[in-house]
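Structure, as structure tokens:
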Amino acid sequence: MAEKKLSLLMFSGEYDKAMAGLILANAARDMEMDVTMFFAFWGLMLLRDPDRMNQEDKTVYEKMMAWMTPKGPEQLPLSRMNFSGLGKLMLTEMIEDNEAPKLIHFLKGARKKNVKFYGCKLSVEIMGFKPEEFIPELEIVDAQTYLRDAMESDVQLFI
Amino acid sequence: MAEKKLSLLMFSGEYDKAMAGLILANAARDMEMDVTMFFAFWGLMLLRDPDRMNQEDKTVYEKMMAWMTPKGPEQLPLSRMNFSGLGKLMLTEMIEDNEAPKLIHFLKGARKKNVKFYGCKLSVEIMGFKPEEFIPELEIVDAQTYLRDAMESDVQLFI
Amino acid sequence: MAEKKLSLLMFSGEYDKAMAGLILANAARDMEMDVTMFFAFWGLMLLRDPDRMNQEDKTVYEKMMAWMTPKGPEQLPLSRMNFSGLGKLMLTEMIEDNEAPKLIHFLKGARKKNVKFYGCKLSVEIMGFKPEEFIPELEIVDAQTYLRDAMESDVQLFI
């Protein structure tokens, strides 16, 4: 039987939604499914490496965008009840109380388990990010590459 | 011909998005499609039974979470233009003016029409909810159970 | 080989999410895929024609809804970092700096390339919109029509 395949379009860039996507990606890899995650718009914030920020050659708007947006997974806000970070603090404490993995661990798991990471070319260009600011596995592709991959998948979700 | 199947991942816990999911679930059952709704994170708020809240044996964070979040369908906020509840009041009045069913009726319909209700095990544990605080049909399952069901579906949506 | 098909349920009515949906719709049409966009709830705001607003025969709530909500694509807010419009201004300036098309151009492209536009009957009724307030291609259909179309699609997303 052909491999089953999961395709996730990660749009939102929020802690809880990134968590949902990465939990599914890890679970699917554990079931030997192929997994592709395509990061667009705010979703790209999840894959920025805080140690590789680079403001050179950026326009004023691009610098502002880089400065105002979350740098890497642990800075992402919640999609609801964020309360300037208090709600998120509470949620991450509850995750720890349950000895459940944090977002960063699910991201590490996905990288180790060979989830395919795609980044949306147009989003990267508009927001003025540079390929070297992201985790090295990220491959910058266009929307048609995403669509071709999604078409062959058994489950596709926009998160 | 095999039955067609709809799989909804209910993540958001907002009145209007819950409405969208339940309208689709009811319409699909009326067409004899199989329907599974998998509730994760905020989506679980929709299935809490206000008469079955139970704060015993909860940590402080779990009690706060239970207290700060909506208790059952009619307390869910709108995803947009909620205006501290005013926007939602307006929308529910407009629903009544049109003699259209409210959220609670679509939920009743889905329960009566045998939609399958799954709840995300990890979300339930982290948020400190107890299985008995939900509607009795809710079956607590893991992400792999959701994925196996979604793979066999003709339509999958993340709401 | 049969045509491949993309089905998008446009729920959110935000500038960036509308952009994501329309970029995918245009890319899919360029690959000769069939594309259906089903607009429900806030998603309908994208297809209102600012020159065809009509407040006659509306209830007070319906007039308020019409007045408080965005009129056409360029008035939609961002889903994040909108900052009362400042964040959106910044994003649209960045789009121009990159000579990338604006939302309105992607919408024009989708109309020209024969994307199928469906509008949710129940949403139109509840919000008190009139069919003639929308772009003329919009066909008002029920949830079952959407589901039948989505079932035959290779990729379905809820945006």
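The values are calculated or read from the model by the stated rules, or taken from the named source; none is laboratory data. Note that the coordinates shown come from a computational prediction; the quantities given were computed from them, not determined experimentally. Virtual Cβ from ideal backbone geometry, glycine too; neighbours counted across all protein chains shown. The area values use the complete protein model at the heavy-atom level, side chains included, leaving out ligands, DNA and RNA. Shrake-Rupley method; radii C 1.70, N 1.55, O 1.52, S 1.80 Å.
Quick look at the values:
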read-out	value
Extreme residue, farthest from C:LEU24 (Cα to Cα), among residues of the stretch A:1-40 that are part of a strand (DSSP E or B) and among the charged types (D, E, K, R)	A:ASP34
Which listed residue, of C:LEU78, C:LEU89, is within 30 Å of A:GLY128 (Cα to Cα), over 18 Å from the mean Cα position of the chain (by Cα) and not charged (D, E, K, R)	C:LEU89
Condition broken by A:ILE104, with the remaining ones in (1) modelled with pLDDT of 90 or more; (2) crowded, with 20+ Cβ neighbours inside 10 Å satisfied	(2)
Qualifying residue in the stretch A:116-132 (condition: of a type in the set (Asp, Glu) and facing chain C (nearest Cβ under 8 Å))	yes
Long-range neighbours under 9 Å by Cβ, at least six apart or interchain, first residue free of Cβ contacts under 8 Å to residues at least 60 places away in the same chain within the stretch B:131-144, second of a type in the set (Phe, Trp, Tyr) and surrounded by 15 or more Cβ atoms within 10 Å (Cβ to Cβ)	B:GLU137/B:PHE117; B:GLU139/B:PHE117; B:GLU139/B:TYR118; B:ILE140/B:TYR118; B:ILE140/B:PHE134; B:ALA143/B:PHE38
C:GLY72 being in contact with a Gly (Cβ under 9 Å, 6 or more places away or on another chain) and in contact (Cβ under 8 Å) with a residue 12 or more places away in the chain	no
Unique residue being buried (at least 19 other Cβ atoms within 10 Å of the Cβ), modelled with pLDDT under 85 and either touching an Asp or Glu at 6+ places or on another chain (Cβ under 7 Å) or not hydroxyl-bearing (Ser, Thr, Tyr) (or both) when the list is C:LEU9, C:LEU91	C:LEU91
From the options A:MET53, A:MET94, A:MET90, A:MET81, residue that is more than 14 Å from chain B (Cβ to nearest Cβ), over 17 Å from A:MET10 (Cβ atoms) and of a type in the set (A, V, I, L, M)	A:MET53
The stretch C:89-121: number of residues that are aliphatic (A, V, I, L, M) and touching a residue at least 24 places away in the same chain (Cβ under 8 Å)	6
Every residue from the stretch C:112-133 that is open to solvent by less than 80 Å² (accessible area, probe 1.4 Å) and at pLDDT 95 or above	C:LYS113, C:VAL115, C:PHE117, C:TYR118, C:GLY119, C:CYS120
Residue count for the stretch C:134-145, restricted to those that are within 8 Å of chain B (Cβ to nearest Cβ) and either under 30 Å from C:GLN55 (Cβ atoms) or crowded, with 22+ Cβ neighbours inside 10 Å (or both)	2
The stretch C:57-88, residues that are modelled with pLDDT of 80 or more and loosely packed, with under 14 Cβ neighbours inside 10 Å	C:ASP57, C:THR59, C:LYS63
Hits in the stretch C:12-32 - residues which are touching an Asp or Glu at 6+ places or on another chain (Cβ under 9 Å) and either of a type in the set (Gly, Ala, Ser) or in contact (Cβ under 8 Å) with a residue 60 or more places away in the chain (or both)	C:TYR15, C:ALA27, C:ALA28
Selection status of C:MET45, assigned to a helix (DSSP H, G or I), more than 14 Å from chain B (Cβ to nearest Cβ), of a type in the set (A, V, I, L, M, F, W, C) and surrounded by 15 or more Cβ atoms within 10 Å (Cβ to Cβ)	no
Unmet criterion (only one of (1) within 12 Å of chain B (Cβ to nearest Cβ); (2) touching a Ser or Thr at 6+ places or on another chain (Cβ under 9 Å); (3) within 17 Å of B:ALA143 (Cβ to Cβ)) for A:MET37	(1)
